[in-house]
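Structure record follows, encoded as structure tokens.
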Amino acid sequence: MYKILNNDLIREYVDSTPEIRNLLLGSDDSIDKIEVSEIGDGNLNFVYIIKGLKKSIILKQAVPFLRCVGEEYPLSRVRMTFEIEALKTEKEICPDFVPQIYYSSHDMSLVVMQNLDSHKILRGEMINREVFPLLSEHISTFLADTLFYTSDFYLSSAQKKEDVKKFINIELCKITEDFIFTHPYEENDTNEYNPELDMSVVKNFRQNRDVKTAVAKMRYKFMSEAQALLHGDLHTGSIMLNKKETYVIDPEFAFYGPIGFDVGIYLANLVMSYFSLKKDENEYRDYVREMIKDTWDMFASKFKANMIEHEKNTKSLQWDYPQGMEHFEHFVDIFIDGIFSDSIGFMACEMFRRTVGLAKVADVAGIKDLKRRAKIEKNILECASKLITSKYENIDEIIKEIQEYDR
Ligand code: SR1
Ligand code: MG
């Protein structure tokens with residue numbers, strides 16, 4: 001039976017759950033030997049670190065409300081079921097980039113997993129100006145593989161439809177529909193503004209026909225294009241890493257949606273980190289620009305390689321003629337161009353929402369000088385308006401545009 005855990009109740013729960021107890025303690029050890037502390041700083045759930053004599057583990061539990069708002073915002077805990085299922089699917093596809101799950105309970109809406117104690121959250125690491133030489137290689141593989149191997153390009157028609165059904169994540173999709181695609185573009189009580197932000201900048205994008213049309217288009221795409229199993233919330237707070245290893249965590253927003261969404265959300269968080277940098281931080285600026293470029297370029301070439309390799313292995317009759325592979329490659333290039341423009345559209349929506357909506361990014365919102373922060377926020381909003389209303393051929397043009405708005 002479900003109950004909300006706390007430090008004391010976790011002891012009782014661990015003591016009565018042999019699958020967890022045995023991970024932490026020997027059979028003769030007292031339960032008093034475990035240490036429990038709550039470490040969650042996310043918007044939705046409670047996360048505990050439990051240290052035992054044998055190892056330490058993470059226990060994450062969903063509560064029946066949105067943590068960052070409180071009990072007045074009910075949210076069913078079924079989200080943990082989506083997180084557990086997404087972690088399992090992603091682990092099968094990308095074993096190196098997903099933490100190990102030791103135990104899960106749908107009834108208790110919790111998952112017990114590997115404690116990544118030699119890894120830190122990417123957002124904090126970027127705020128500390130840390131450099132990770134393998135990150136773009138790893139994230140581009142995670143994106144290309146999870147998004148290809150859960151798509152219609154790889155799964156059978158029946159399997160794909162079964163999977164779409166399994167990941168109908170109504171409530172968390174609604175959060176995204178509201179908080180990324182709706183509230184930031186209207187007067188809404190949930191929005192939050194830096195008091196120093198020039199509100200005419202907000203009015204400008206809220207009343208711009210082309211911005212509003214483009215956002216409405218991205219919202220519709222998000223709601224209607226079931227292309228692949230998305231992580232659904234791939235910002236830099238959903239990545240834990242060190243110089244050698246990268247782990248993607250927190251896929252509770254997982255559902256079948258447009259491929260460009262995951263790519264765009266991740267890129268947007270790099271872009272916002274870039275805007276937050278001071279003018280003289282040249283080395284880190286170069287590094288973040290390189291991350292943006294490498295992530296897209298590597299993702300595109302790995303996704304294409306997955307497509308071509310699969311076609312070569314399956315040799316479908318459709319492309320089985322002398323120029324067939326060449327024509328297939330042409331189709332793949334056009335498909336990837338579509339992912340590119342979707343990614344830029346979703347990137348812009350994430351930039352708007354993290355600036356005026358609920359749930360900000362610490363890279364920018366953590367800037368203590370509110371006037372400096374407001375200047376950065378203006379740049380982000382104006383850049384997002386330009387990105388979502390223009391056409392671009394490649395990632396170099398996007399980087400040029402970002403530099404243009406970094407005033
Ligand atoms: C209103 S919940 C705020 C946000 O937290 C999650 O990380 C998602 O990004 C969600 O939109
Ligand atoms: Mg999260």
Here the residues of the range 243-278 lying in the modelled label zone of Glu162, meaning backbone nitrogen under 20 Å from a point 7 Å along Cα-to-Cβ, are 255-257
Of the convex hull drawn through the C-alpha atoms of the range 173-237, the volume per residue in Å³ is 114
Using a 1.4 Å probe on heavy atoms of the protein chains only, the accessible area for Lys217 in Å², nearest 10, reads 120
With Cα springs under 10 Å, the Gaussian network model of the chain assigns the largest mean-square fluctuation among Asp280, Asp152, Asp117 to Asp280
Ignoring ligands and nucleic acids, Lys304 exposes an accessible area, probe 1.4 Å, in Å² to the nearest 10, of 50
For the chain, the per residue accessible area (1.4 Å probe, Å²) is 45
For the chain, the dipole about the Cα centre with charges only on Cβ (Lys and Arg +1, Asp and Glu -1), to the nearest 20 debye, works out at 640
extent check for the range 7-114: Cα max minus min per principal axis, descending, whole Å, gives 42, 36, 23
Hydrodynamic calc, the range 263-392: Kirkwood Rh from Cα pairs, then Stokes-Einstein at 25 °C with viscosity 0.890 mPa s, so D in µm² s⁻¹ is 146
The answer for trypsin sites (Lys or Arg not before Pro) in the range 340-377 that fall in a DSSP coil and have at most 11 neighbouring Cβ atoms within 10 Å is Lys368
Counting only protein heavy atoms and leaving out ligands, DNA and RNA, the solvent-accessible surface of His106 at a 1.4 Å probe, in Å² to the nearest 10, equals 80
Here, the chain modelled as identical Cα point scatterers in vacuum has Debye log10 I(q)/I(0) at q = 0.10, 0.15 Å⁻¹ of -0.70, -1.46
Relative contact order of the range 318-407 (C-alpha contacts under 8 Å, at least 6 apart) in percent is 28
Amide H contacts under 5 Å for Leu66, restricted to residues at least 5 apart in sequence or on another chain and with H modeled in the peptide plane, are Tyr73, Leu75
Simple spin-label estimate for Ser301/Ile49, 7 Å along Cα→Cβ, in nm, reads 3.8
Expressed as a whole-number percentage, the relative contact order of the chain with C-alpha contacts under 8 angstrom and at least six residues apart is 17
Counting only DSSP loop positions in the range 135-191, the GluC sites (Glu not before Pro) whose Cβ has at most 12 other Cβ atoms within 10 Å are Glu186, Glu187
Evaluated at 20 °C and 1.002 mPa s, the Stokes-Einstein D of the range 49-164 based on the Kirkwood radius over Cα pairs, in µm²/s, stands at 128
XL table Lys91/Lys304; Lys166/Lys293; Lys166/Lys217; Lys3/Lys161; Lys3/Lys55; Lys371/Lys400; Cα-Cα > 30 Å flagged, in table order, is Lys166/Lys293; Lys3/Lys161
In the range 7-114 the accessible area split gives carbon plus sulfur, as whole percent at 1.4 Å, a share of 46
Residue separation between Ser224 and Met325 times 0.36 nm, minus their alpha-carbon distance, gives in nm 33.4 nm
Helix-only [θ] at 222 nm, the chain, -39500 (n - 2.57) per DSSP H run of 4+, per residue, nearest 500, equals -17000 deg cm²/dmol
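The values are calculated or read from the model by the stated rules, or taken from the named source; none is laboratory data. This is a predicted model, so every value here is computed, not measured. FYI the Cβ positions are ideal-geometry reconstructions off the backbone, even for glycines, and counts take in every protein chain you see. Just the protein is used for accessible areas: all its heavy atoms, side chains included, with ligands, DNA and RNA removed. Shrake-Rupley method; radii C 1.70, N 1.55, O 1.52, S 1.80 Å.
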